[in-house]
Amino acid sequence: MPSTKVARARAGLVWAGLLVALIVPVLAAAASPLLAWRDPVYILAGLAGVLGLALLLVQPLLAGGMLPGVSLARSRRAHRWIGGGLVAAVVIHVAALWITSPPDVVDALLFRSPTSFSVWGVIAMWAVFAAALLAASRRRLRLRPSTWRRAHTALAAVIVLGTVLHALLIQGTMETVSKILLCALVVAATARVVAGRRTPTRRPR
């Protein structure tokens, strides 16, 4: 049927666009001339940060069940797994920076760094850890679903705000145009979920 073909074509475009949005910034960062002659640990720190930003685009799409062909139940399971991947990316990013320059990391963690991007990065980091802890403790806390969702969404908004500002303020390995576009997509996807579309009308299959 024509409608089915149109739906499949739209789904294909969505997935293709998502892959391009995720892969291009990572490849552009990996090819940055600023990484030339850098230590592997420094390169790892930078790419882990880029990967973490890319994962932030996937998370709201999964939380809102907005990816075509993926049921709500599978979206939520993937959301949890990718959330764990986001925590791992943050830990690798910070740990590798610590190995590269411990004093800079200490100053950032204590909010003594003169660079504003460090402040936003640390705020986003703690929000990531808080959101992961909240998700892991959901049953123990025995919060009402609406209360838990509001708290988790608020933390997600802080994560996105802090990460986007952190990325935009850094003149680093990320290519400028792809970085701005990725940040814009992350903000748009998160805003759509925060605006009230967290629960799709379709039922889990």
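Structural remarks
- Residues of the range 39-82 classified as among the polar types (S, T, N, Q) and either within 15 Å of Ile170 (Cβ to Cβ) or not in a loop (DSSP other than H, G, I, E, B) (or both), total: 2
- Of the criteria (1) surrounded by 12 or more Cβ atoms within 10 Å (Cβ to Cβ); (2) modelled with pLDDT under 95; (3) of a type outside the set (Phe, Trp, Tyr); (4) under 16 Å from Met174 (Cβ atoms), which one Ala36 fails: (1)
- Qualifying residue in the range 169-182 (condition: over 19 Å from Ile82 (Cα atoms), open to solvent by less than 60 Å² (accessible area, probe 1.4 Å) and outside any loop (DSSP other than H, G, I, E, B)): yes
- Given (1) open to solvent by 80 Å² or more (accessible area, probe 1.4 Å); (2) more than 15 Å from the chain's Cα centre (by Cα); (3) touching a residue at least 40 places away in the same chain (Cβ under 8 Å), index of the condition Val14 fails: (1)
- Qualifying residues in the range 128-162 (those that are open to solvent by 90 Å² or more (accessible area, probe 1.4 Å) and not in a helix (DSSP H, G or I)) - the one modelled with the highest pLDDT: Arg144
- Residue that is least open to solvent (accessible area, probe 1.4 Å), among those in the range 17-29 that are within 29 Å of Ile99 (Cα to Cα) and out of contact with any Gly (no Cβ under 9 Å at 6 or more places or on another chain): Pro25
The rows are residues; the columns are (1) touching a strand residue (DSSP E or B) at 6+ places or on another chain (Cβ under 9 Å); (2) of a type in the set (Ser, Thr, Tyr); (3) over 12 Å from Ala48 (Cβ atoms).
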site	(1), (2), (3)
Val87	no, no, no
Ile92	no, no, no
Pro103	no, no, yes
Arg112	no, no, yes
Ser118	no, yes, yes
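- Verdict on Ser118 being open to solvent by less than 40 Å² (accessible area, probe 1.4 Å), over 24 Å from Ala63 (Cα atoms), of a type in the set (Ser, Thr, Tyr) and in contact with a His (Cβ under 9 Å, 6 or more places away or on another chain): yes
- Qualifying residue in the range 56-74 (condition: within 16 Å of His152 (Cα to Cα), open to solvent by less than 20 Å² (accessible area, probe 1.4 Å), among the aliphatic types (A, V, I, L, M) and in contact with a His (Cβ under 8 Å, 6 or more places away or on another chain)): yes
- Yes/no for Leu44 being touching a Gly at 6+ places or on another chain (Cβ under 9 Å) and open to solvent by 10 Å² or more (accessible area, probe 1.4 Å): no
- Val87 hydrophobic (A, V, I, L, M, F, W, C), in contact with a Phe, Trp or Tyr (Cβ under 8 Å, 6 or more places away or on another chain) and surrounded by 12 or more Cβ atoms within 10 Å (Cβ to Cβ): yes
- The residue of the range 90-115 that is surrounded by the fewest Cβ atoms within 10 Å (Cβ to Cβ), among those that are part of a helix (DSSP H, G or I) and among the small types (Gly, Ala, Ser), is Ala95.
The values are calculated or read from the model by the stated rules, or taken from the named source; none is laboratory data. What you see is a predicted model, and the numbers here were worked out from it, not measured in a lab. Neighbour counts are summed over all protein chains in view; Cβ atoms, including those assigned to glycine, are modelled from backbone coordinates with ideal geometry. Protein only, heavy atoms only, side chains kept; ligands, DNA and RNA dropped before computing areas. Shrake-Rupley method; radii C 1.70, N 1.55, O 1.52, S 1.80 Å.
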